[in-house]
Amino acid sequence: MNVTSHKIFVLSDSIGTSGEQLSRKVMSQFREAKLDLQVISHIRNIEQLEPIVKQVAEVQGTLVNTLMNGELSHALHELAQQYQLYVVDIVTDFLSRLSAVTGIPPEGKPGLYRELHAAYFRRIEAIEFTLGHDDGVNYKGLSKAEVVLTGVSRVGKTPLSMYMAMLGWKVANVPLAMGVTPPEELFHLERERVIGLTIDPDKLLQHRQHRQQSLGVTGKSDYNNLAKLYDELDYARKIFRRGGFRVLDVTNMPIEASADKIVNWVTRH
């Protein structure tokens, strides 16, 4: 049978991520074909299977079985045989082999891998969240952040945010600048989750000069004017007082120590 287009259905009793990734790797070897992939997740009972198999039969698609539950997997094979559908079974043979060599039956519990590696997946989610809420991006998502850092430019919000994300914390950061009104969402958060960062003006000047050098920028401006930096830091402190936010002075403080202090504050709350 030679076809240039084909539909593939990944069936999962969890979220279907692993089956989808593996399927897409295989599909990438057939770039000239028009292959359409659909993931059908959270299959929990046999009653869900028949309408799915009927749907696949209507387009003569291919079933990719990643069901961990043995009863569901067996029922899928029986239905597929009735409708003359081909099933690519990703897990059954492997489960059978490991059961045979270990003498231990598989648990058949969906989502077990994710459960066993919860800390890893939490870090990934935290990093994705933090990248998506860096430097004032997506203020509408601030309410979902576990920690919000705020302060003037080059006070160290982004590196501290990313370090905390690696520890599994969903962090957003909000820049403060003279003449720019902070987002109102900042003041609607639980104040215990918002941390205002401050720094010694001379140290801030060093950070900004280094930043300008890395960009090849020369000359004087408000960005690297020490008197203006004092004004900026004063303005930031007014914002912190308005929101009732805790303030952390990060001058000469290692990023690990800053993160530890913030985590201690937030978890204590």
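Using amide H atoms built 1.01 Å from N in the peptide plane, name the residues 5+ places from V155, or on other chains, whose amide H lies under 5 Å from its own. HN-HN under 5 Å from V155: empty list. Put a plus charge on the Cβ of each Lys and Arg, a minus charge on the Cβ of each Asp and Glu, and nothing anywhere else: the dipole of the chain about its Cα centre is then about 940 debye. Pairwise Cα distances in the stretch 118-268 exceed 28 Å in 18 percent of cases.
For the stretch 86-91, backbone phi angles converted through the Karplus equation (6.51, -1.76, 1.60; θ = phi - 60°) give residue-by-residue couplings of 8, 10, 8, 9, 6, 10 Hz, Gly and Pro being listed as x.
Restricting attention to the stretch 118-268, lysine pairs at least eight places apart or on different chains and with alpha-carbon atoms under 19 angstrom apart total 13. For Rg/Rh (Cα atoms, Kirkwood Rh), the choices are (i) 0.99; (ii) 1.18; (iii) 1.07; which was calculated from the structure? Read-out from the structure maps to (ii).
Relative to the Cα centre, the charge distribution of the stretch 118-268, modelled as +1 at Lys and Arg Cβ and -1 at Asp and Glu Cβ, gives a dipole magnitude of about 100 debye.
Each of G219, L189, G141 was scored by the projection of its Cα onto the charge dipole of the chain, and the greatest displacement toward the positive side belongs to G219; charges sit on the C-beta of Lys, Arg, Asp and Glu.
Since every read-out is calculated from the coordinates, none of them should be taken as a lab result. If you're wondering where the values come from, they're calculated on a predicted model, not measured in any experiment. Positions of Cβ are generated from backbone atoms using ideal geometry, with glycine treated the same way; all protein chains shown enter the neighbour counts.
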